[in-house]
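Below: the structure, in structure tokens.
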Amino acid sequence: MLWKVILLLMLALPTLALDNGLMRTPPMGWMSWGRFRCNTDCRNDPKNCISEALFVDMADRLVEDGWLKLGYKYLIIDDCWSFMSRDNKGRLMPDPIRFPNGIHKLAHYAHDRKLKLGIHANMGKQTCAGYPGTMLDQIETDAQTFADWEVDMLKFDGCYSNVNEQQKGFPLMSKALNATGRPIAYSCSWPMYRGGLPPSVNYSFLGEICNLWRNYDDIEDSWESVMRIVDWFFQNQADLQSVSGPGHWNDPDMLIIGNFGLNMEQSQAQMALWAIMAAPLIMSNDLRTLTGEARSILQNKAVIAINQDPLGIQGRRILQDEGHIEVFWRPLSKSASALVFLSRRTDMPYRYHSTLSLLNYTSSSYTAYDVFKDETVSLPSVNTHFTITINPSGVVMWYVYPDKSFEQTKETGGHPNFQRKYAHASQQRIPGQILFFL
Ligand code: GLA
């Protein structure tokens, strides 16, 4: 019954969120770091260096290749954009050779195309890559500079600062951004520098001052890195799941789909698990050279809709099977839910048998829509047996909806209202399976 109490508490508690009205669903967009890092060698590598030209290219791609229409609207400049020293008024300034027209112009370029511009700064002496940081007495100046440039989002990192500076600096930047009067979404890397877990991290406070936060290590371009992040987030779901919600999100870092480290199965897995986690969908890849396969995964409308579900409830791992299959579940609006079946096997496609009742669904008859295969599976009862084939390091992802609501949808042209009723949990132990609950 504990899960019921916790669930009721979650629904009853007022949402503690940074009150700037931004990011009511997880942000979507593109950021430079994962793919382009701190490449500043514009002379020898002009197409791939951190420069105005790179962000103009990506802005064009976001708009012309359909990304913006799907919700990918943040264009985020990560580290290495600035000049090595501040200007004579103590303000950060962009490298004049690589950003000849300045950040304000770039913001206009983005805004003219209905994109939002994000920028990176760092609480501490210098950024992780060695560029000028923001000390406590520079916070107001920097917040005002970003507002003057009409920036829409700040990623505030925490290299080269100590516990006390972070304790003061991250809340102070939140205040300073608010004080500019410009709505600037605020991403804090604070928890990542404090181990990511309570009691060192006070997530309810963080929810009041930040729109999203990096909890854990940087992603690298490999499946191993994706799995390390997934493991950490789901091993710690008891601490992390409830702290996320509209306006305040956990951030497991960028989508690396379209780079070199993930095959197609693994790319689908990253996309599916990020959707289950209600994670920001911030790509870091080269949109100019993306393969059709990567594009179709990143542009999958059903997965995006699951990620962007307006309830904004982060999902959980509900099962780890002895056959190295794991099942993840996320409740969605309109009495629907998402399930992801992940195979950690390395031998061959695995035929997995189950029923919805074994996954703690109760009552009703459901339809499951396989979001990557674009097929539906009818499950007339929760006891209906199904078999799915999950490829090694791949997923099957279902959008599951009760048939009754489907009928009403057809009649009304819209789903019935969500009834605050989740068809999932009972503390039932399945032989040979380890279950995790709320
Ligand atoms: C840290 C952050 C990364 C990136 C780099 C830039 O490592 O976690 O996401 O911003 O700094 O130096």
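The values are calculated or read from the model by the stated rules, or taken from the named source; none is laboratory data. From a predicted model like this one, the values you see are computed outputs, not experimental measurements. FYI the Cβ positions are ideal-geometry reconstructions off the backbone, even for glycines, and counts take in every protein chain you see. The accessibility values were calculated without ligands, DNA or RNA, using every heavy atom of the protein model including side chains. Shrake-Rupley method; radii C 1.70, N 1.55, O 1.52, S 1.80 Å.
What the table below lists for this structure:
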{"item": "Within the stretch 7-57, tally of residues that are crowded, with 17+ Cβ neighbours inside 10 Å, under 23 Å from the mean Cα position of the chain (by Cα), more than 16 Å from the ligand (Cβ to nearest atom) and modelled with pLDDT of 95 or more", "result": "5"}
{"item": "Set Arg295, Arg344, Arg330: member being basic (Lys, Arg), open to solvent by 20 Å² or more (accessible area, probe 1.4 Å) and touching a strand residue (DSSP E or B) at 6+ places or on another chain (Cβ under 9 Å)", "result": "Arg344"}
{"item": "Which listed residue, of Ala302, Ala338, is among the aliphatic types (A, V, I, L, M) and either more than 17 Å from Ala272 (Cα to Cα) or not in a strand (DSSP E or B) (or both)", "result": "Ala302"}
{"item": "Residue count for the stretch 258-291, restricted to those that are small (Gly, Ala, Ser) and part of a loop (DSSP other than H, G, I, E, B)", "result": "5"}
{"item": "Residue identified as surrounded by 23 or more Cβ atoms within 10 Å (Cβ to Cβ), closer than 30 Å to Pro310 by Cα and not β-branched (Val, Ile, Thr) among Tyr109, Tyr72", "result": "Tyr72"}
{"item": "Criterion: surrounded by 15 or more Cβ atoms within 10 Å (Cβ to Cβ), within 14 Å of the ligand (Cβ to nearest atom) and farther than 30 Å from His108 by Cα - qualifying residue of Arg194, Arg214, Arg228", "result": "Arg194"}
{"item": "Any hit, the stretch 156-165, residues being over 20 Å from the mean Cα position of the chain (by Cα) and surrounded by 23 or more Cβ atoms within 10 Å (Cβ to Cβ)", "result": "yes"}
{"item": "Residues of the stretch 66-114 satisfying the condition of being without any contact (Cβ under 8 Å) to a residue 60 or more places away in the chain, aliphatic (A, V, I, L, M) and within 18 Å of Leu287 (Cβ to Cβ)", "result": "Leu68, Leu75, Ile77, Leu106, Ala110"}
{"item": "Residue match in the stretch 238-247 (condition: out of contact with any His (no Cβ under 9 Å at 6 or more places or on another chain), of a type outside the set (Asp, Glu), away from the ligand (no atom under 16 Å from the Cβ) and open to solvent by 30 Å² or more (accessible area, probe 1.4 Å))", "result": "yes"}
{"item": "Matching option when the condition is surrounded by fewer than 22 Cβ atoms within 10 Å (Cβ to Cβ) and within 19 Å of Phe372 (Cβ to Cβ), among Glu322, Glu265", "result": "Glu265"}
{"item": "So Phe170, is it out of contact with any His (no Cβ under 9 Å at 6 or more places or on another chain) and in contact (Cβ under 8 Å) with a residue 12 or more places away in the chain", "result": "yes"}
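Condition check ((1) touching a residue at least 24 places away in the same chain (Cβ under 8 Å); (2) of a type in the set (Gly, Ala, Ser); (3) more than 18 Å from Gly90 (Cα to Cα)) across all residues:
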{"position": "Phe146", "(1), (2), (3)": "yes, no, no"}
{"position": "Cys159", "(1), (2), (3)": "yes, no, yes"}
{"position": "Gln166", "(1), (2), (3)": "yes, no, yes"}
{"position": "Pro199", "(1), (2), (3)": "no, no, yes"}
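One line per residue, one yes/no per condition, for (1) over 17 Å from Ile50 (Cα atoms); (2) part of a loop (DSSP other than H, G, I, E, B); (3) more than 16 Å from the ligand (Cβ to nearest atom); (4) touching a Ser or Thr at 6+ places or on another chain (Cβ under 6 Å):
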{"position": "Ala107", "(1), (2), (3), (4)": "no, no, yes, no"}
{"position": "Asp137", "(1), (2), (3), (4)": "yes, no, yes, no"}
{"position": "Ala143", "(1), (2), (3), (4)": "yes, no, yes, yes"}
{"position": "Ala147", "(1), (2), (3), (4)": "yes, no, yes, yes"}
